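What follows draws every value from the coordinates through simple rules; no lab data is involved. Since the structure is predicted, the reported quantities are computational estimates derived from the model, not experimental observations. Neighbour counts are summed over all protein chains in view; Cβ atoms, including those assigned to glycine, are modelled from backbone coordinates with ideal geometry.
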Amino acid sequence: MINFLWFGMMIIGLMVAAATGRIEAVTESLFSSAEQAVSVAFSLISIMTFWLGMMKLIEKSGLINWVVKILRPLSLLLFPRLPRNHPAMHAILMNMSANLLGMGSAATPFGLKAMQELQAINEEPEMASDEMCTFLAVNTSSITLIPTTVVALRAASGSLYPTEIVGTTIIATICATTVAIILDKTMRALSRKKKKRR
């Protein structure tokens, strides 16, 4: 769907440029945007390498395991029907920890593994289970302490203080996760009421 939207915007832009006699502006914009994209990409490589290296040190030092221990009580509240030592619980905890530390690339494999494990115990394979919906809500809104990618983009764009968004990011992601959990619990309660009426 998003591909059609982008394609539509490009076509409309070209038609407006042709109708107003400014088709040469499109060509100039294409070349300048391509040049800017390449310079931002190269800037991002160095910054992302640094932050991913830092995150790898956090992982290797065992700090991520410490974060997993802190998150375990929360995960038991969020997923009460999931056995404590189930492989899905471990994958969920690792995903939450990686997201918390801003390791999005490390969080993705754990997220996929968690969904596979949750699907394996899903009683209705054609529908997402409650645990799958909760995990998706928590994973998507995810509290983040170090927004690595955004910091890297700000630095690549020439921001003088690229890390000044860390505080507001923590507040925003806490709010997002809180709202996601409340909505998940509310929708689940409404769903149960509907099933009881039937």
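Among Lys69/Lys193; Lys60/Lys185; Lys69/Lys185; Lys69/Lys194, which pairs are too far apart, with a Cα-Cα distance over 32 Å?
Lys69/Lys193; Lys60/Lys185; Lys69/Lys194
Please tell me the relative contact order of the chain in percent, rounded to the nearest whole number, where contacts are Cα pairs under 8 Å and at least six residues apart.
18
For every helix of n ≥ 4 consecutive DSSP H residues, a contribution of -39,500 (n - 2.57) applies; sum these over the chain, divide by its total residues, and give [θ] at 222 nm rounded to the nearest 500 deg cm²/dmol.
Value at 222 nm, helices only, nearest 500: -27000 deg cm²/dmol.
How far apart, in nm, are two points set 7 Å out from the Cα along the Cα-to-Cβ line at Ser29 and at Ile182?
Inter-label distance under the simple model: 4.1 nm.
What FRET efficiency comes out for Ala19 versus Ala189 if R0 is 41 angstrom and r is the Cβ-Cβ distance? Round to the nearest 0.05.
0.15
Given (1) 10.6; (2) 12.9; (3) 16.0 as candidate values of mean projected area of the Cα convex hull in nm², which corresponds to the one derived from the coordinates?
(3)
Under a GNM of the chain (C-alpha, springs under 10 Å), which listed residue has the highest mean-square fluctuation: Ile45, Ile92, Ile146?
Ile45
Using a 10 Å cut-off around each Cβ, can you sort Cys133, Cys175 from fewest to most neighbouring Cβ atoms?
By the 10 Å Cβ count, ascending, the order reads Cys175, Cys133.
Of Ala180, Ala120, Ala25, which is the most mobile in a GNM of the chain whose springs link Cα atoms less than 10 angstrom apart?
Answer for the Gaussian network model of the chain: Ala25.
Neighbouring Cβ atoms within 10 Å as the yardstick, rank Trp66, Trp6 fewest first.
Trp6, Trp66
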